[in-house]
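Below: one structure, written as structure tokens.
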Amino acid sequence: MKSNPLLSLAPWIVFTLAAGNGVAAQWSAALAALVALAAAVPSIRAGRPKLLDAMGVVTFAVLSVLAFAGGHGTQAFVTDHGRTVATGALAVLILVTLPFMPFTEQYAREEAPRIVWDSPQFKRTNRLFSAAWGGVFALMTLAHLVASQAPHNTALDVVCNWVVPVLAVQRMFAFMKRYRARQSPQAPRSA
């Protein structure tokens, strides 16, 4: 069974939706941690654990524990800055691991024949896609940070926490589709 990177990103989506709709910080983070754990099970069972899955479990478990164990100030921090922290951690992980194992390569290896895994094109494509995703998540982190500075500004909240992330992800998928279309039919696939 092949893994789905969108399933691995589900904890961040769940956290954003829950936190953005007034669910208490500790419950938003706990729910995201459970989703992360559930998302990790298939790849763990298959013997191919994914970096994003592990990052989701750790990130949201830590945010959840902080929000549950901390006082009002900690809960307020997770409420106000949880999206920034979670998305920032994701961006850092993707960019730091880029030279060693681009995160998209873990998924692409499940689709591409083993013979192409070490090809320059396969490596280049996955580094490009992973770097671009890292940029998308860095942009989202910045947008969440801007929104967190004015928590009662509804227009800023909508633009920075919803419009910018949705457009960034949509543009990323469009970029990947165009890039793949330009590759020859013989080219190795990537995530």
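The values are calculated or read from the model by the stated rules, or taken from the named source; none is laboratory data. As the structure is a computational prediction, the values presented were derived from the model and not from experiment. Neighbour counts run over all protein chains shown; Cβ positions are idealised from the backbone, glycine included. Ligands, DNA and RNA are excluded from the accessible area calculation, which covers all protein heavy atoms including side chains. Shrake-Rupley method; radii C 1.70, N 1.55, O 1.52, S 1.80 Å.
Some points to look at:
- Taken about its Cα centre, the stretch 33-111 carries a charge dipole of roughly 120 debye when the Cβ of each Lys and Arg holds +1 and the Cβ of each Asp and Glu holds -1.
- Cα-centred dipole magnitude for the chain, charges only on beta-carbon of K, R (+1) and D, E (-1), debye, nearest 20: 860
- Largest to smallest in accessible area, the residues GLU111, GLU105 fall in the order GLU111, GLU105 (1.4 Å probe, all protein chains included).
- The stretch 1-69 versus the stretch 77-109: alpha-carbon centroid distance in Å: 12
- Point-to-point label distance, ASP118-VAL92, nm (Cα→Cβ direction, 7 Å offset): 3.4
- Candidate residues TRP162, TRP12, TRP117: accessible-area rank, largest first, probe 1.4 Å: TRP162, TRP117, TRP12
- Annotation: extensible slack from ARG45 through ALA181 equals 45.7 nm (criterion: 0.36 nm per residue apart, minus Cα-Cα distance).
- Most fluctuating residue given options ASN126, ASN161, ASN21, as computed from a GNM of the chain linking Cα atoms under 10 Å: ASN21
- Residue (of LEU66, ALA132, LEU145) at the positive-pole extreme of the chain, dipole from beta-carbon charges: ALA132
- Remark: relative contact order (the stretch 1-156) = 23 percent; criterion is Cα-Cα distance under 8 angstrom and separation of 6 or more residues.
- Compared with the dominant Cα axis of the chain, that is its longest principal axis, helix 72-97 is turned about 10°.
- Here the stretch 88-180 is treated with +1 on each Lys and Arg Cβ and -1 on each Asp and Glu Cβ, and its dipole about the Cα centre works out to around 380 debye.
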